[in-house]
1. Check B:393, B:431 and return the single one that is under 27 Å from residue B:327 (Cβ atoms), surrounded by fewer than 22 Cβ atoms within 10 Å (Cβ to Cβ) and either touching an Asp or Glu at 6+ places or on another chain (Cβ under 8 Å) or not β-branched (Val, Ile, Thr) (or both).
2. Since residue B:367 meets every condition but one in (1) surrounded by fewer than 24 Cβ atoms within 10 Å (Cβ to Cβ); (2) in contact (Cβ under 8 Å) with a residue 60 or more places away in the chain; (3) among the aromatic types (Phe, Trp, Tyr), which condition does it not meet?
3. If a residue has to be more than 18 Å from residue B:200 (Cα to Cα) and either buried (at least 20 other Cβ atoms within 10 Å of the Cβ) or more than 19 Å from the chain's Cα centre (by Cα) (or both) to count, how many in the range B:295-304 make the cut?
4. Scanning the range B:144-177 for residues that are in contact with a strand residue (DSSP E or B) (Cβ under 9 Å, 6 or more places away or on another chain) and acidic (Asp, Glu), which turns out modelled with the lowest pLDDT?
5. So, residue B:217, is that one buried (at least 19 other Cβ atoms within 10 Å of the Cβ), closer than 24 Å to residue B:108 by Cα, more than 12 Å from every other protein chain (Cβ to nearest Cβ) and among the aromatic types (Phe, Trp, Tyr) or not?
6. In the range B:93-124, what residues are within 14 Å of another protein chain (Cβ to nearest Cβ), out of contact with any helix residue (DSSP H, G or I) (no Cβ under 6 Å at 6 or more places or on another chain) and in a loop (DSSP other than H, G, I, E, B)?
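The values are calculated or read from the model by the stated rules, or taken from the named source; none is laboratory data. The model shown is predicted, which means the values in this text are computed figures rather than measured ones. All Cβ positions, even for glycine, are placed from backbone atoms using ideal geometry, and neighbour counts span all protein chains on display.
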Amino acid sequence: MFARGLKRKYGDQEEGVEGFGTVPSYCLQRQSLLDMSLVKLQLCHMLVEPNLCRSVLIANTVRQIQEEMSRDGVWHGMAPQNVEQRAPIDRLVSTEILCRTARGTDGEHPTPELEDDPLQSSASELPIVSSAQGQRNPQSSLWEMDNPQENRGSFQKSLDQIFETLENKSPSSVEELFSDVDSSYYDLDTVLTGMMSGTKPSLCNGLESFAAAPPPPSSTCKSDLAELDHVVEILVET
Amino acid sequence: MAGAGGGGCPAGGNDFQWCFSQVKGAVDEDVAEGEVLSLVPSKYNGDQMTGWYGHRITVYHVSLQNKGRAHSRGEYNVYSTFQSHEPEFDYLKSLEIEEKINKIRWLPQQNAAHFLLSTNDKTIKLWKISERDKRAEGYNLKDEDGRLRDPFRITALRVPILKPMDLMVEASPRRIFANAHTYHINSISVNSDHETYLSADDLRINLWHLEITNRSFNIVDIKPANMEELTEVITAAEFHPHQCNVFVYSSSKGTIRLCDMRSSALCDRHAKFFEEPEDPSSRSFFSEIISSISDVKFSHSGRYMMTRDYLSVKVWDLNMEGRPVETHQVHEYLRSKLCSLYENDCIFDKFECCWNGSDSAIMTGSYNNFFRMFDRNTRRDVTLEASRENSKPRASLKPRKVCTGGKRKKDEISVDSLDFNKKILHTAWHPMESIIAVAATNNLYIFQDKIN
């Protein structure tokens, strides 16, 4: 349970490795939460006038996760991304028109200047984008939507896309993943279970095939995060 | 209980036998997303109650004939219904401003008319609701149908006389307070001086005079210079019921600040800061979200205030900032489901809470059309349900129970069977009598106490 504070011992995680299809690791669960939060932030930004309170709460959650990940040492090069991660805040109040303007431009924007009126600020691209958007995933055309209403309608489809992409990343050495995990006071045992029984079967599939998938060249959580950046890049291209 | 004055309200929500009185609203109407019937009683005499649904305000009024009769309470009937706000378009930002109403507050009644403030995301309006039961007839210059008479035809002079007519209740906008908020307004609160009121959005609080629409004073501003540093927003604000210089505002981080307007024009420095230390054993990634305060209400006495966060209701003594004096769990069984509730956005639902007239009991809503009452004296609590099935006249409400694990007893409902689309965000308690109103989806339920 998230909030019960039971500590998962390393031994538990090893068992989790063996029976991987059934017990997701803490690191994975945390990653899923991060992914879900980022998707929610994206949705916030797609709205014409985002709910500021909600956006701030989600962004704070993302920040917490990232801070913990950096403490655990799984998020290297945290600092620059942290700054970028803060940028969503100023995107919280950007208008849909500014979103559209940003869509066509290059993804690399510096920290945006802020005018007094935040509603007109920030023509910057969404924060996670760290590289140029020259290389486009062919799926990206699915993300180019004309208006927020359509966005909401195809959200489920988009989410499946995200998770399919995430499914493809798989560290060659699963032990490396677990070795980074701190014995923390979070217990996320049922978190992912609850999520998986919900509406995202592709995430389930992804995790079940986790051990079976061929390893990519880089095999740490860091590569996972690079993949995540790429995925969010795709999202950002709207 | 009819006609009971201030001291006549018996202590406790649990000594009562709550029974169904009325339900208002459509039976099978599909509810559009985001439109919830909410209600606000007039805290001054409880005879008016407003429900609003999207942009449409309906005022319910207790019929005067029934009031005062022993063993019988008046029924609330529709008094007036009107559309408060129109959708607007902000040309500067190319945004449509929704006409959906966020809050309504009644003003104290000073004459025969009733006044209320209603607000959408950006604009506050003052409405006057008045009765007209007489009509003037016999004008000199106008015909009966209103057309001007030809002056040359007028040969005699008469005094117009008032003739009775069918009662007509009209609502007319008297003031429009606009263009003072950049962010979405979440609260309005009328001051005890009955002349000023505050309006709060996510980052700022403004002070208005009810008579002046073209000027407002900013009294709280928490917008950071760099919006990237924004981590906390204002979630609710309220004036103290007796001290016209004191108000509080709550934040998304679970803190409450009490400010004194005498200390400075801009109350960025609080006079008191209320925050409960976090329990490290229950810390999770969702701790901050569930600590975000969705409602803050002063007690009628002015000595306490109550805050509602996602899982609990806390009562604070204004003289003690370190921790609340009472914490009541509303639906602790949801704590293990926080991830799912985060996923389906229910974790962001903003529940309100209310005091009874004597401050001895508090009430708040939950999911599955359940609402909870806590007796502060006996420390007992009860879960009740507002549903059409339980809505036979004078039928008593049976306490409900949620089964949290293990074997489910008969009549219990398991956590996984709860309907999270049926949420009771708004409840109200008559300030003097044992009448409560509960807004469930698009119906308004009124319950009365049977014993008295």
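1. Numbers: B:393 fails: under 27 Å from residue B:327 (Cβ atoms).
Checking each option against the conditions leaves just B:431.
2. (2)
3. We begin by selecting, within the range B:295-304, every residue more than 18 Å from residue B:200 (Cα to Cα); these are B:299-304.
Next, only the ones that are either buried (at least 20 other Cβ atoms within 10 Å of the Cβ) or more than 19 Å from the chain's Cα centre (by Cα) (or both) stay: B:299, B:303-304.
Number satisfying all stated conditions: 3.
4. Within the range B:144-177, the subset in contact with a strand residue (DSSP E or B) (Cβ under 9 Å, 6 or more places away or on another chain) is B:144, B:148-149, B:160-177.
Among the residues that remain, those that are also acidic (Asp, Glu) are: B:144, B:166, B:170.
On the way: B:144: 77, B:166: 87, B:170: 87.
Result: B:144.
5. On the way: buried (at least 19 other Cβ atoms within 10 Å of the Cβ): no; closer than 24 Å to residue B:108 by Cα: yes; more than 12 Å from every other protein chain (Cβ to nearest Cβ): yes; among the aromatic types (Phe, Trp, Tyr): yes.
So residue B:217 fails the test.
6. Kept after step one, since they are within 14 Å of another protein chain (Cβ to nearest Cβ), are these residues of the range B:93-124: B:93-100, B:102, B:120-122.
Pick out the ones that are also out of contact with any helix residue (DSSP H, G or I) (no Cβ under 6 Å at 6 or more places or on another chain) and you get B:95-100, B:102, B:120-122.
Those that are within 14 Å of another protein chain (Cβ to nearest Cβ), out of contact with any helix residue (DSSP H, G or I) (no Cβ under 6 Å at 6 or more places or on another chain) and in a loop (DSSP other than H, G, I, E, B): B:98, B:99, B:100, B:102, B:120, B:121, B:122.
Listed here are the residues, each with its yes/no results for (1) assigned to a loop (DSSP other than H, G, I, E, B); (2) within 21 Å of residue B:444 (Cβ to Cβ); (3) in contact (Cβ under 8 Å) with a residue 60 or more places away in the chain.
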position: B:337; (1), (2), (3): no, no, yes
position: B:342; (1), (2), (3): no, no, no
position: B:347; (1), (2), (3): no, no, yes
position: B:350; (1), (2), (3): yes, yes, yes
position: B:357; (1), (2), (3): yes, yes, yes
position: B:374; (1), (2), (3): no, no, yes
